[in-house]
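Here the structure comes first, spelled out in structure tokens, and everything after it is commentary.
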Amino acid sequence: MQPLAKVMIDKLPLYLNEGYRWYNAVLTDRPCLFAEMKEANTFSLAQMEKHFGQVKVTLGLPVIAVFDKLEAYNRKRLIEKKMGFIVPEKQLYIPDFFIDLKEIGAATKKELPKLSPTGQQLLLLNILDRQHKQLENKTFKELAALLGANPMAITRAVENLNFHELIEVTGDKEKSFRFLLKGHDLWTDALQRSLLIDPVMKRVYVDEVPKGVFMLKSNESALSEYSEMSPSRQEYFAIGKNVFYGLQNNNALLNANEHEGRFCLEVWKYSPEILAVELPDIAQVVDPLSLYLSLKDNPDERIEMALEQLIKEFVW
């Protein structure tokens, strides 16, 4: 393996020269190029795929990515894209040359086909925060404090978002990230790829609202605030799962059951209050995007029409 000759490098665009270290190599008697991303760059896999395709057209040689280390979920994505890569002493995958050598005993990390609850919370917060100040340049520790989560949960959420190619991660010791799309484009992309989850984990009916607990209107109770739909007789409130289980353990829920009651508590997979903070014009109502996701599969025509109005009138 030798550094690529200057006469060849000069044929490439400047951003490719500055973004990677390029090497000539020969594998199984066939010439190829090795590309090692420089430390200052954090290209996404989609960007790398585009870059390597451009280089192959320009120089006529297949490109193989070289990594010092590579997370299991990124290895999976590279293999799905049939992009050749090398992780020294760990794995060699070059489909063009019919080479696939894996490290022995390596555990394969399973990734969620949809967004994790915390990953979705970060995505929706980015959309609802129209100035994009909440997440901008925040470290994982700062994000953990913002969401009331532990840093490991933020790390897993970022891995989940990165796996689905929604973000770009920057930094080394103190990492941060940015979403590749904004506003309506981000929402549409995640929705069309079926990445978004129903925030409601379960519904529990009670005869009285638990005292001393701040809750937000949800379901039809919230939808009537956002649209012209008439309020329903059933009152709905969203509550975070940790708060709910605390109430349950303290026997603070009167006649809790899964069938009927004066009030319905929707137990959410992520805290609804964090996202509702972004909507000062409407008090004590869950955010409109989570509300949409919680009701989009409801067959009721009234709800369907109200949801259409909700999304249409939402200020992106």
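The values are calculated or read from the model by the stated rules, or taken from the named source; none is laboratory data. The model shown is predicted, which means the values in this text are computed figures rather than measured ones. Cβ: placed from backbone, ideal geometry, glycine included. Neighbour counts: every protein chain shown.
If you filter the range 87-101 down to residues that are hydrophobic (A, V, I, L, M, F, W, C) and at pLDDT below 75, you find that the one that is nearest to the chain's Cα centre (by Cα) is 101.
For the range 180-199, the tally of residues that are free of Cβ contacts under 8 Å to residues at least 24 places away in the same chain and farther than 20 Å from residue 47 by Cβ stands at 3. Going through 222, 238, 252, 276 one at a time, which residue ends up being aliphatic (A, V, I, L, M) and more than 24 Å from residue 119 (Cβ to Cβ)? Every option except 252 fails the conditions.
Determine whether the range 115-130 contains at least one residue that is touching a Gly at 6+ places or on another chain (Cβ under 7 Å) and modelled with pLDDT under 90. Write out each step before concluding.
Quick first cut of the range 115-130, residues touching a Gly at 6+ places or on another chain (Cβ under 7 Å) only: 127.
After this cut, where a residue has to be modelled with pLDDT under 90 as well, the list is none.
No, every residue in the range 115-130 fails to be touching a Gly at 6+ places or on another chain (Cβ under 7 Å) and modelled with pLDDT under 90.
Considering the range 1-84, the qualifying helices (runs of 4 or more DSSP H), each wholly inside and each with 1 or more residues that are in contact (Cβ under 8 Å) with a residue 40 or more places away in the chain, run over 6-9, 45-59, 72-80.
For the range 231-308, which helices (runs of 4 or more DSSP H) that fit wholly inside it have 2 or more residues that are buried (at least 22 other Cβ atoms within 10 Å of the Cβ) and of a type outside the set (Phe, Trp, Tyr)?
Values: elements: 241-249, 272-276, 288-295.
The qualifying helices (runs of 4 or more DSSP H) are 272-276, 288-295.
If you take the residues of the range 126-148 that are among the small types (Gly, Ala, Ser) and without any contact (Cβ under 8 Å) to a residue 40 or more places away in the chain, which of them is farthest from residue 166 (Cα to Cα)? Walk me through how you get there before you give the answer.
Of all residues in the range 126-148, those among the small types (Gly, Ala, Ser) come to 144-145, 148.
From the residues that got through so far, the ones that are without any contact (Cβ under 8 Å) to a residue 40 or more places away in the chain too are 144-145.
Details: 144: 19, 145: 22 Å.
Filtering first and then ranking leaves 145.
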